[in-house]
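Report on one structure; see the data block that follows.
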Amino acid sequence: MKAHNKWLTAPLAAGLSAALLSGCGTEQGGGSGSGDGIRVGMSDEILATDPAAGYDPGSWLLFNNVFQSLLAFPKGGSEPEPEAADKCGFTSGSKVYTCTLRAGLTFSNGNPLTSKDVKFSFERALKIADPSGPAPLLSSIASIETPDERTVIFRLKVPDATFPSKIASGAGSIVDHRDYPADALRTDGKATGSGPYKLDSFSETEATFSANPGYKGTAKPKNGAVTLKLYGGDRAALSKGLADGEIDVAYRGLSAGDIAALETSDTTDDRGIEVTQGNSAEVQHLVFNVKDPVVGKLGVRQAIAHLVNREELVEDVYKSTATPLYSIVPAGIAGHNTAFFDTYGSPDKAKAKKALRDADITGKVKLTLWSTPSRYGPATDQELKAIAGQLNDSGLFDADVKSVAFDQYEKDIAAGKYGVYVKGWVPDYPDADNFTAPFFGEGNVLGNGYENATITGKILPKTAGIADRAASADEYGQLQDLVAEELPLLPLWQGKQYAVARDDVTGLEWTLDASTVFRFWELKKG
């Protein structure tokens with residue numbers, strides 16, 4: 001798997017004019033899509049309206065609401081369930097996956113959706129193989145057969161028990177074969193899907209959606225329309241938009257400090273403000289270039305692991321809007337353990353010093369930590385400076401921080417210029433495979449030169465074939481123990497999701513879970 005835009009921008013990264021806000025409730029109930037329109041704002045951009053090209057959070061938000069996939073993640077759940085499909089299942093181990101479509105499916109333009117469209121959509125994404133697209137998630141597909149209009153048979157190159165989760169993501173979006181070229185991207189900014197919403201208009205600053213009356217699936221829209229305001233990274237403008245009543249919901253782009261202040265303010269209830277918190281599987285790691293002349297030495301990496309105080313980082317920098325992470329697989333995902341805490345424990349200067357001395361290092365270790373706030377948010381520089389301070393306070397390091405724009409950052413990482421740098425990750429699907437195979441499998445997206453034959457040759461192929469994902473815990477535990485021992489990276493924190501809304505908006509709690517699917521249809525106003 002190769003790197004794409006799923007290296008997520010930090011979700012908590014700007015000011016929020018809290019004094020003028022009013023909150024959101026927790027009502028739950030059905031609906032027919034006839035409710036008042038909802039205005040949602042976020043600081044992320046939508047980089048693509050064509051599912052063959054988009055692999056960023058904003059684009060997948062659009063895909064998850066406009067297009068159907070064969071399967072989808074239910075609210076609060078991590079096991080995919082039928083959506084455009086009536087049923088799906090494996091045969092021949094985990095190498096043949098067959099789905100039967102719901103009867104009577106249609107696209108928003110009225111055209112019928114058949115197995116031909118499913119086959120076309122997957123083969124198209126693989127053929128185009130856009131550098132910013134999801135084709136790597138579909139790379140295990142060898143061939144697709146459509147014996148009739150409602151049956152799709154995927155034959156896989158290797159056993160891949162995570163295939164259902166992959167096609168339940170934005171990568172599984174089904175498009176109308178009549179409206180999309182087979183070998184090129186659609187460029188008119190329009191979208192033809194069969195999901196619960198239609199894309200009515202799209203620009204750099206706004207996308208408008210309306211409930212799709214022909215939709216057949218599991219979602220039950222509680223509103224008739226959604227306007228998505230795009231603030232293009234301008235988080236101050238997002239804050240102002242909510243304060244001025246331009247939007248009803250601020251989804252992404254809220255500051256850790258302001259969220260913490262809202263949650264603890266005595267006047268929050270008086271103002272009708274409620275911050276909705278949800279689960280998240282977003283993680284951030286400190287990455288080590290194992291070929292670097294300094295951190296290429298295991299003793300240096302071990303010393304850093306013994307000194308970094310995650311508790312201080314999440315409290316001082318992120319105001320407890322994240323939690324310390326001691327594993328590759330985050331909490332809430334099957335296969336999670338605490339390998340890094342088990343191996344290194346709490347911060348310990350004496351153990352750090354011993355690790356350096358055992359590596360015959362007696363002087364201060366000079367080190368530069370590299371940051372890119374343009375991708376991961378302005379708190380990233382503050383976080384890296386805090387880590388450098390922790391290292392320097394030990395008397396064992398002479399560390400500083402340098403910050404560069406994201407494009408240059410990625411080029412320099414690829415060229416092996418950095419010894420220590422930060423990477424954030426949001427999963428494509430909530431499975432341990434998506435936190436391990438991209439980092440330690442073929443095409444390692446970390447760019448840190450790390451390879452382990454046991455992981456790539458034994459553990460990852462074995463876990464890929466285990467259909468009962470909970471049964472793979474031992475293998476993933478072994479993998480995490482190996483990584484903790486060899487230290488190609490150091491997990492730092494696991495995020496939380498937040499949104500703030502006005503007091504007449506309900507349903508936000510059903511849009512914030514580890515699947516990362518922001519469900520327009522769960523929102524209700526009035």
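The values are calculated or read from the model by the stated rules, or taken from the named source; none is laboratory data. Since we're looking at a predicted model, the values are computed, not measured. Cβ: placed from backbone, ideal geometry, glycine included. Neighbour counts: every protein chain shown. We work out accessible area using only protein heavy atoms, side chains counted, and drop any ligands, DNA or RNA first. Shrake-Rupley method; radii C 1.70, N 1.55, O 1.52, S 1.80 Å.
This table checks each residue for (1) farther than 30 Å from residue 401 by Cβ; (2) of a type in the set (Lys, Arg); (3) touching a strand residue (DSSP E or B) at 6+ places or on another chain (Cβ under 8 Å).
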{"residue": "416", "(1), (2), (3)": "no, no, no"}
{"residue": "425", "(1), (2), (3)": "no, no, yes"}
{"residue": "451", "(1), (2), (3)": "no, no, no"}
{"residue": "464", "(1), (2), (3)": "yes, no, no"}
{"residue": "470", "(1), (2), (3)": "yes, no, no"}
{"residue": "481", "(1), (2), (3)": "yes, no, no"}
{"residue": "485", "(1), (2), (3)": "no, no, no"}
{"residue": "491", "(1), (2), (3)": "no, no, yes"}
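Can you pull out every residue in segment 423-449 that is touching a residue at least 24 places away in the same chain (Cβ under 8 Å) and open to solvent by 20 Å² or more (accessible area, probe 1.4 Å)? Listed by number, the residues that qualify are 437, 442, 443, 447, 449. Residue check: residue 177 meets all listed conditions (1) in a loop (DSSP other than H, G, I, E, B); (2) exposed (fewer than 15 other Cβ atoms within 10 Å of the Cβ); (3) on the phi < 0 side of the Ramachandran plot but one, namely (2). Screening segment 507-526 for residues that are touching an Asp or Glu at 6+ places or on another chain (Cβ under 7 Å) and open to solvent by less than 50 Å² (accessible area, probe 1.4 Å) and picking the one that is nearest to residue 167 (Cα to Cα) gives 511. Filtered by the rule that a residue be open to solvent by 10 Å² or more (accessible area, probe 1.4 Å) and either closer than 19 Å to residue 433 by Cβ or within 23 Å of the chain's Cα centre (by Cα) (or both), segment 143-155 gives no residues. Do we find a residue being among the charged types (D, E, K, R), surrounded by fewer than 16 Cβ atoms within 10 Å (Cβ to Cβ) and more than 25 Å from residue 486 (Cβ to Cβ) anywhere in segment 380-395? Within segment 380-395, one or more residues are among the charged types (D, E, K, R), surrounded by fewer than 16 Cβ atoms within 10 Å (Cβ to Cβ) and more than 25 Å from residue 486 (Cβ to Cβ). Pairing residues of segment 111-130 that are touching a residue at least 60 places away in the same chain (Cβ under 8 Å) and under 17 Å from residue 185 (Cα atoms) with residues that are assigned to a loop (DSSP other than H, G, I, E, B) and of a type in the set (Asp, Glu), at Cβ distances under 8 Å and at least 6 apart in sequence or on separate chains, gives 117/176; 124/183; 128/183. Residues that are polar (S, T, N, Q) and surrounded by 13 or more Cβ atoms within 10 Å (Cβ to Cβ) within segment 450-485 comprise 452, 456, 463, 472, 478, 480, listed in sequence order.
Checking each residue in segment 396-414 for being open to solvent by 40 Å² or more (accessible area, probe 1.4 Å) and among the acidic types (Asp, Glu) picks out 398, 400, 407, 410. Just give me the residues in segment 156-167 being open to solvent by 70 Å² or more (accessible area, probe 1.4 Å) and among the basic types (Lys, Arg), in sequence order. Matches in segment 156-167: 157 only. Residues in segment 79-98 that are surrounded by fewer than 20 Cβ atoms within 10 Å (Cβ to Cβ) and touching a Pro at 6+ places or on another chain (Cβ under 7 Å) were compared, and the one that is modelled with the highest pLDDT is 81. If you take the residues of segment 23-78 that are within 22 Å of residue 184 (Cα to Cα) and of a type in the set (Ser, Thr, Tyr), which of them is modelled with the lowest pLDDT? For segment 23-78, the residue satisfying everything is 55. Being under 17 Å from the mean Cα position of the chain (by Cα), closer than 22 Å to residue 462 by Cα and modelled with pLDDT under 95 narrows it down to one residue among 139, 132, 165; which is it? Only one candidate passes the filter, namely 165. When residues in segment 216-239 are screened for being closer than 16 Å to residue 47 by Cα and either in contact with a His (Cβ under 7 Å, 6 or more places away or on another chain) or open to solvent by 20 Å² or more (accessible area, probe 1.4 Å) (or both), 5 of them pass. Screening residue 123 on (1) over 13 Å from residue 174 (Cβ atoms); (2) open to solvent by 40 Å² or more (accessible area, probe 1.4 Å); (3) out of contact with any Leu (no Cβ under 8 Å at 6 or more places or on another chain) shows it passes everything except condition (1). Report, by residue number, each residue of segment 295-319 that is in contact with a helix residue (DSSP H, G or I) (Cβ under 6 Å, 6 or more places away or on another chain), at pLDDT below 95 and open to solvent by 50 Å² or more (accessible area, probe 1.4 Å). If the condition is that a residue be in contact with a helix residue (DSSP H, G or I) (Cβ under 6 Å, 6 or more places away or on another chain), at pLDDT below 95 and open to solvent by 50 Å² or more (accessible area, probe 1.4 Å), then 319 is the only one that fits. If you filter segment 68-78 down to residues that are in contact with a Pro (Cβ under 8 Å, 6 or more places away or on another chain) and open to solvent by less than 10 Å² (accessible area, probe 1.4 Å), you find that the one that is farthest from residue 251 (Cα to Cα) is 70. Residues that are out of contact with any Asp or Glu (no Cβ under 8 Å at 6 or more places or on another chain) and small (Gly, Ala, Ser) number at least 3 in none of the helices (runs of 4 or more DSSP H) confined to segment 423-506. Going by the conditions given, is residue 172 under 29 Å from residue 463 (Cβ atoms), open to solvent by less than 10 Å² (accessible area, probe 1.4 Å) and modelled with pLDDT of 95 or more? Taking the combined requirement at face value, the residue satisfies it. Checking each residue in segment 326-364 for being of a type in the set (A, V, I, L, M, F, W, C) and within 30 Å of residue 467 (Cα to Cα) picks out 328, 329, 331, 333, 334, 339, 340, 341. Residues of segment 199-235 that are part of a strand (DSSP E or B), over 24 Å from the mean Cα position of the chain (by Cα) and not polar (S, T, N, Q): 200, 211, 225.
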